[in-house]
Structures are given as C-alpha cells and as structure tokens.
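Worksheet: the structure to be examined is printed underneath.
The values are calculated or read from the model by the stated rules, or taken from the named source; none is laboratory data. Keep in mind it's a predicted model, so treat the numbers as computed, not measured. Quick reminder, even Gly has a Cβ in these numbers, built from the backbone with ideal geometry, and neighbours come from all protein chains shown.
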Amino acid sequence: MNIFFLDDDPRLSAKYHADKHVGKMLLEACQMMSTGARRHGFDGGYASAYANHPMTIWVGDSKSHYNYAWELALALAIEHKDRFGKGHASQNLLPTLSVAMHTVMPDKGWRNPPRCMPDEYKIPYDTCEGITSCHVQSYRDYYAKAKAHLHGWRNGIPTWV
C-alpha cells in the first residue's frame, strides 16, 4: 500500500509510473480513498483495507490529500487505457469516490505525506533544492533505485530515472 509521489502534479506522476504499477497503484489509491471515506461515515467503494497504514491514514485525513489520490487515480485510469488499450475495473469507482470527497471528507488542508520507504531514500525536508518537493525527490530516488526491477514504460522512460 503506497502512493508513489513521482511529481507534485498527479497527472505527471501517473505518466511516470512504470507499466507494472499503473493498474496496481490505481487499485491501491481506490482502496485508500474507500477506507478514508468509510472512516468519515461514507458507505461506498471498496471495503476498508489497510486502515492503519500511514498512507491510508494520510489519504483519509483531509480532502486535500484525498483529492490528490483521486486525481492520481483518474490519471492512472487514463494511463491504463492509453498503454494497454482497455480500462481497469477500479476506474468504475471514481464517480462514487468523488461523491465521498465532496460530502464527507474534512477539509484540513495539506500536510506532507508519509514517505513509506526505507530511510535511506528519505531526503530531509530542510535540504530540498529545485522545483520538486522533498517527498517527490525521495520517491523518485526510491522508485529509480529500489523499484528498478519493475521498470518498463510503453510511453518512454522518465528523464529522472
């Protein structure tokens, strides 16, 4: 269970996902949103899963976090169709999960997401440079190195890999 923050823009982040992660991370985003919405009384989407995982908690803490996950899931659904020529079953939940976002999610603003990765990839928040956030730089480093065995892109390799 994770969200790979490969860009601050969820649409670009989806494009940077390796082929093997496009469907998997769409499913996981929908699971986290469903669990987060259920935490606030919504009855829809997938059954609760991994409710105590730091990323699942983060998604359900604020409408801003949930919105990032929703935008990423939508972009991953589009990527799945573009790369594989067919939709993914999880995309059918996006309208329901949008209703949850606008009806039950508390708007508590944005806080940096947990970085669910080994410590060696976590860049300290006070040392980031450049145009991307520390969690993006950390996830890119983690993705390029620890997830290299999964790499393969039908749409071209990201320049930061």
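Summary table below
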read-out: Evaluation of residue 112 against (1) outside any loop (DSSP other than H, G, I, E, B); (2) among the polar types (S, T, N, Q); (3) closer than 15 Å to residue 10 by Cα (one fails), failing number; value: (1)
read-out: Tabulated pairs, the range 78-102, first farther than 12 Å from residue 44 by Cα, second of a type in the set (S, T, N, Q) and not in a helix (DSSP H, G or I), C-beta under 7 angstrom, 6+ apart or interchain; value: 83/155
read-out: Sole residue being crowded, with 19+ Cβ neighbours inside 10 Å and out of contact with any strand residue (DSSP E or B) (no Cβ under 8 Å at 6 or more places or on another chain), chosen from 65, 102; value: 65
read-out: Selection within the range 108-133 - among the acidic types (Asp, Glu) and either under 15 Å from the mean Cα position of the chain (by Cα) or at pLDDT below 95 (or both); value: 126, 129
read-out: Residue match in the range 4-24 (condition: buried (at least 21 other Cβ atoms within 10 Å of the Cβ), at pLDDT 95 or above and on the phi > 0 side of the Ramachandran plot); value: no
read-out: Residue match in the range 29-45 (condition: of a type in the set (Lys, Arg) and crowded, with 20+ Cβ neighbours inside 10 Å); value: yes
read-out: Members of the range 132-157 found to be in a loop (DSSP other than H, G, I, E, B) and within 29 Å of residue 60 (Cβ to Cβ), listed by number; value: 132, 133, 146, 147
